[in-house]
1. In what sequence do 20, 25, 1 fall when counting other Cβ within 10 Å, fewest first?
2. Cβ under 11 Å from residue 45's Cβ, residue 45 left aside: what net charge do those residues give with Lys, Arg +1 and Asp, Glu -1?
3. Specify which residue in the list 68, 214, 193 is farthest towards the positive end of the charge dipole of the chain, using unit charges on the beta carbon of Lys, Arg (+1) and Asp, Glu (-1), about the Cα centre.
4. Quick one: 36, 118, 188, fewest Cβ neighbours within 10 Å first, how do they rank?
5. Mind checking the angle between helix 31-40 and the chain's longest principal axis? C-alpha axes, 0 to 90 degrees, to the nearest 10.
6. Can you work out the PRE-style zone for residue 3? Point 7 Å along Cα to Cβ, and I want the residues of the stretch 151-174 with backbone N under 20 Å.
7. Volume per residue, Å³, of the convex hull around the alpha-carbon atoms of the stretch 117-214?
8. Could you give the distance between the Cα centres of the stretch 101-165 and the stretch 1-55, to the whole Å?
Amino acid sequence: MKTIALEQAAALIPDGTSVMIGGFMGVGTPERLIDELVRRGTGGLTVIANDTAMPGVGIGKLMRAGLVRRAVVSHIGLNPETQQQMIAGKTDVDLVPQGTLIERIRAGGCGLGGVLTETGVGTVVEKGKRTITLDGTTYLVEPALRADFALVSAFLADYLGNLTYALTARNFNPVIAMAADAVIVDAEHIVPTGVIPPDHVMTPAPLVDYLVAH
């Protein structure tokens, strides 16, 4: 794990890459990293996240700046700018049921090929997807999801890279930290190694590649 400056962290992310971003309507989203990507104009991104937040908030900043080519999310209901870009054909939006989305990411992090789910069977979600029947029940075959980068927001990090999260800001963060080739963490507080009790560590240090210095 390396501790690097914010500018260095954002510079690692090239145009056209895939990025998983933590957060639920902007809560638990690494805002400083997103701000720096906007400042740099890093575009053509595939963003995998729970949602696109709201205009001017979290991932909504990337949407407003026109930097997202494709969004794989569970909903866009509170971001009319995402809706407008989707209707205009400027951004591809892949809407995935929330439970299916997080399970696909978890599968990617655990080395699985995908998951079987009843969610979406017989609906528009099924269109173009493979189905399988087991013991009389039909399931959709949903492939695992991974990304080039995961941008994680933590409450505490130590200098080894162990992480802990605060309340609901935990959301997707621990799961995406398992499902990307490189994990970049922006923590609210960086503390000496040993301050976080071992049984409070939610994301262990071996999963973290880069920690943004304050």
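We did not get these values from a lab; they are worked out from the coordinates using the rules stated. Here the structure is a predicted model, which means the values were calculated and not measured. Glycine gets a Cβ as well: all are built from the backbone with ideal geometry, and neighbour counts include every protein chain shown.
1. On the way: 20 29, 25 21, 1 18.
Listing 20, 25, 1 from fewest to most nearby Cβ atoms yields 1, 25, 20.
2. Numbers: positive: 69, 70; negative: 15, 148.
The answer is 0.
3. Toward the positive end, the furthest listed residue is 68.
4. Numbers: 36 21, 118 10, 188 13.
Ranking 36, 118, 188 by Cβ neighbours within 10 Å, fewest first, gives 118, 188, 36.
5. Value to nearest ten degrees: 80.
6. Counting backbone N atoms under 20 Å from the label point, the list is 152-165.
7. Enclosed volume per residue, from the Cα hull, is 143 Å³.
8. Centre-to-centre distance over Cα atoms comes out at 20 Å.
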